[in-house]
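S.K.: Starting off with a structure, shown below.
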Amino acid sequence: MHAPPPEHPLIPQGEPELIAEPTALTSFLEHLREMGTFAFDTEFIGESNYQPRTCLIQLATSRRVALVDPLRLGDVTEVWEVVGDPSVTTIVHAGASDLSPVRRHLGRDPANLIDVQVAAGFAGMPYPSSLANLVERFAGHGLAKGHTFTDWDARPLSASQLLYAADDVRFLPLVWDVLREELVGRGRVRWAEVESNGRLDDPHVFDPVAQARRAARGYELNSSQETLLRALCIARDAIARQENLPHRTTIPDGSLLEILRDLPQTRLQLVDVRGMPRPIVARHGDMLLKVLADNPTERTTWFTGGKRHDHDSGTRAVVDAMLAESLRACEELGIAHMLAVTRAELTRYAARSRNLRAEGIEPPPLFAEPNWRREAFGGRIESAAQITPAQPGLELG
């Protein structure tokens, strides 16, 4: 059930405008530029293609809400250019994936973005908060549910689908207006703007190091094994691009790890790898075997035990102290802790600092300037534990 939106000057009323003709699109984009601020979202399918396929684009100002049909229009570069225009403000909610086609078209990161999910974390809300929670908190309206998983490439879309899609952006101008007023009072608008733009990295950009780290699943690898796993991830990306398939469909992470463990030397041995798609071996087996030949490493049995060792008790004690202090600081400031720092970041900082001190080098601060975290916390978190080069672990101050 879709409850009608409450009457408010910043909430566009009525059914969304459906845009499937170029002239209507150009006219609506002119409206966005005139308003100077608008909400943006997309519905896409990412399960079947190398790059997610955009099936619907949602746009809204405080006066109008529209649904753009890229499947009918074909060319929607005008939309990407408006979203990437630094002279207008684009409001999103968890918009990293939605901005992926904008980046591909522009060849750069879009500018002047505000992610209300991030902004809410500076106003006492948890991070990440769902769109429904933000709309209820800042617009006083309960969103309907039911189309989180739907066939957005089907046509025609139902009336319920259209309303659901429109509500993804309909309330964002009001949510940001209320949030911004609260952040002005707290002196945190700039923090929200900086963090919004910093957290909207494209999740669809290929990063072989990150993919290899995920595929390793916590197992301890030596340098030659790490090199081979990265090379396999690079080969998988090339195959996925050629086949127009997602990475996980091309070769699952688990199969990459088994290739690394068993080091197959023939196509038949590749086919025997658990989870390895036979058509991929048929078309790209020679490439994979060449990667194995070009990146030699020893056969291993670390599947039976060989997870990365946790840090020593001294390091854990220091990280615990820093984590506790960061939680206290965030609670006092009304900032979502996940926006500030994670345990993994503190662990890396503690280990790096110990190594530098062992070499007689003073470690840099946890948060380098210019950084809103440095402004908010200063050296408070580091001071919670005195990092020394003592062995075997770190000593609490």
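S.K.: Would you calculate a helix-derived [θ] at 222 nm for the chain, using -39,500 (n - 2.57) for each DSSP H run of n ≥ 4 and dividing by the full residue count, to the nearest 500?
M.R.: -15000 deg cm²/dmol
S.K.: Compactness ratio of region 156-310: Cα Rg over 2.2 N^0.38 Å, N = residue count?
M.R.: My calculation over the Cα atoms of region 156-310 gives 1.51.
S.K.: Determine ³J(HN,Hα), in whole Hz, for all residues of region 177-188 in sequence, where each value follows from phi through the Karplus function 6.51 cos²θ - 1.76 cosθ + 1.60 and θ = phi - 60°; x replaces Gly and Pro.
M.R.: With the stated coefficients, region 177-188 comes to 4, 5, 4, 4, 4, 5, 5, 4, x, 8, x, 10 Hz.
S.K.: With label points built 7 Å along Cα→Cβ from the Cα atoms of Val271 and Glu30, find their separation and express it in nm.
M.R.: For the pair Val271/Glu30, the computed spacing is 6.3 nm.
S.K.: At 1.306 mPa s and 10 °C, plugging the Kirkwood radius over alpha-carbon pairs of region 1-129 into Stokes-Einstein gives what diffusion coefficient in µm²/s?
M.R.: Using the Kirkwood radius from Cα pairs, D works out to 102 µm²/s.
S.K.: To continue, here is another question. Leaving out ligands and nucleic acids, and using a 1.4 Å probe, what accessible area per residue does the chain come to in Å²?
M.R.: Per-residue accessible area for the chain comes out at 48 Å².
S.K.: Over region 64-220, what per residue volume does the convex hull of the Cα atoms give, in whole Å³?
M.R.: Hull volume normalised by residue count: 164 Å³.
S.K.: Here's a follow-up. Percent antiparallel among DSSP beta bridges with both residues in the chain, to the nearest 5?
M.R.: DSSP beta bridges in the chain are roughly 55 percent antiparallel.
S.K.: Here's something else I'd like to know. Once ligands and nucleic acids are excluded and a 1.4 Å probe is used, how much of Ser129 is accessible, expressed in Å² to the nearest 10?
M.R.: Solvent-accessible area, nearest 10 Å²: 10 Å².
S.K.: Let me ask another. Please check: in the Gaussian network model of the chain (C-alpha springs, under 10 Å), which one of Leu67, Leu32, Leu260 has the largest mean-square fluctuation.
M.R.: Leu260
S.K.: Still on this model: What nm value, rounded to one decimal, do you get for the distance between Asp151 and Thr23 when each label is placed 7 Å out toward the C-beta?
M.R.: Reported label-point gap for Asp151 and Thr23 is 3.3 nm.
S.K.: Put Arg170, Arg214, Arg374, Arg53 in order of accessible area, largest first, 1.4 Å probe: what do you get?
M.R.: Solvent-accessible surface, decreasing: Arg214, Arg53, Arg374, Arg170.
S.K.: Starting from 0.36 nm per residue, how many nanometres of slack lie between Ser313 and His2 once their C-alpha separation is accounted for?
M.R.: Length gained, Ser313 through His2: 106.6 nm.
S.K.: Now for a different question. Could you work out what % of the accessible surface of region 98-144 is carbon and sulfur, using a 1.4 angstrom probe and leaving DNA, RNA and ligands out of the count?
M.R.: 45
S.K.: Just going by the charge dipole of region 193-297, with Lys and Arg at +1 and Asp and Glu at -1 on Cβ, which of His247, Val273, Gln225 is farthest out on the positive end?
M.R.: Val273
S.K.: Give a residue-ordered list of calculated ³J(HN,Hα) values for region 369-384 (Karplus: 6.51 cos²θ - 1.76 cosθ + 1.60, θ = phi - 60°; whole Hz; x for Gly, Pro).
M.R.: Once θ is set to phi - 60°, the couplings for region 369-384 become 8, x, 6, 4, 5, 5, 5, 7, 10, x, x, 4, 6, 4, 5, 5 Hz.
S.K.: Quick one: pull the percent of accessible area on region 308-371 belonging to carbon and sulfur, 1.4 Å probe, ligands and nucleic acids left out.
M.R.: The value for region 308-371 is 52 percent carbon and sulfur by accessible area.
S.K.: Related question: Where the convex hull is taken over the Cα atoms of region 229-275, what is its projected area averaged over directions, in nm²?
M.R.: Average of the hull's projected areas for region 229-275 equals 3.1 nm².
S.K.: Let me ask something else. In terms of modelled amide H atoms, which long-range or inter-chain residues lie less than 5 Å from the amide H of Thr89?
M.R.: Thr37, Phe38
S.K.: Quick one: what do you get for region 178-270 if you divide its Cα Rg by 2.2 N^0.38 Å?
M.R.: It is 1.62.
S.K.: Next up: Show me, for region 210-222, the HN-Hα J-couplings you get by feeding each phi into the Karplus relation (A = 6.51, B = -1.76, C = 1.60, θ = phi - 60°), rounded to Hz, glycine and proline as x.
M.R.: Taking θ as phi minus 60°, the curve returns 5, 5, 5, 5, 5, 5, 5, 6, x, 6, 6, 10, 7 Hz for region 210-222.
S.K.: In cubic angstrom, how much convex hull volume per residue do the alpha carbon atoms of the chain span?
M.R.: That works out to 173 Å³ per residue.
S.K.: Moving to a separate point now. Multiplying the sequence separation of Glu332 and Asn355 by 0.36 nm and subtracting their Cα-Cα distance, what value in nm do you get?
M.R.: Going from the current span to full extension adds 5.1 nm.
S.K.: Looking at region 57-120, which trypsin sites (Lys or Arg not before Pro) are in a loop (DSSP not H, G, I, E or B) and have at most 12 other Cβ atoms within 10 Å?
M.R.: Within region 57-120, the qualifying trypsin sites (Lys or Arg not before Pro) (loop, at most 12 other Cβ atoms within 10 Å) are Arg108.
S.K.: Not counting ligands, DNA or RNA, and with a 1.4 Å probe, what is Glu21's accessible surface area in Å² rounded to the nearest 10?
M.R.: Surface open to solvent at Glu21 totals about 100 Å².
S.K.: So, R0 is 25 Å and r is the distance between the beta-carbons of Leu10 and Ala132; what FRET efficiency does that work out to, to 0.05?
M.R.: With a Förster radius of 25 Å, E is 0.85.
S.K.: Could you tell me the accessible area of Thr150 in Å² (1.4 Å probe, neighbours in place), rounded to the nearest ten?
M.R.: 40
S.K.: Would you list Leu71, Leu327, Leu157 from the most to the least accessible area, probe 1.4 Å?
M.R.: Descending accessible area places them as Leu327, Leu71, Leu157.
S.K.: Points 7 angstrom from Cα along the Cβ direction at Asn112 and Arg214: gap in nanometres?
M.R.: Taking the two extended label points, one gets 3.3 nm.
S.K.: While we're here: Check Asp41: other-chain or 5+ apart residues with amide H under 5 Å from its amide H, H built from backbone geometry?
M.R.: It is Gln58, by chain and number.
The values are calculated or read from the model by the stated rules, or taken from the named source; none is laboratory data. Computed from a predicted structure; not experimentally measured. Methodologically, a virtual Cβ is constructed for each residue, glycine included, from the backbone with ideal geometry; neighbour enumeration extends over all protein chains shown. For accessibility, only protein heavy atoms count, side chains too; no ligands or nucleic acids. Shrake-Rupley method; radii C 1.70, N 1.55, O 1.52, S 1.80 Å.
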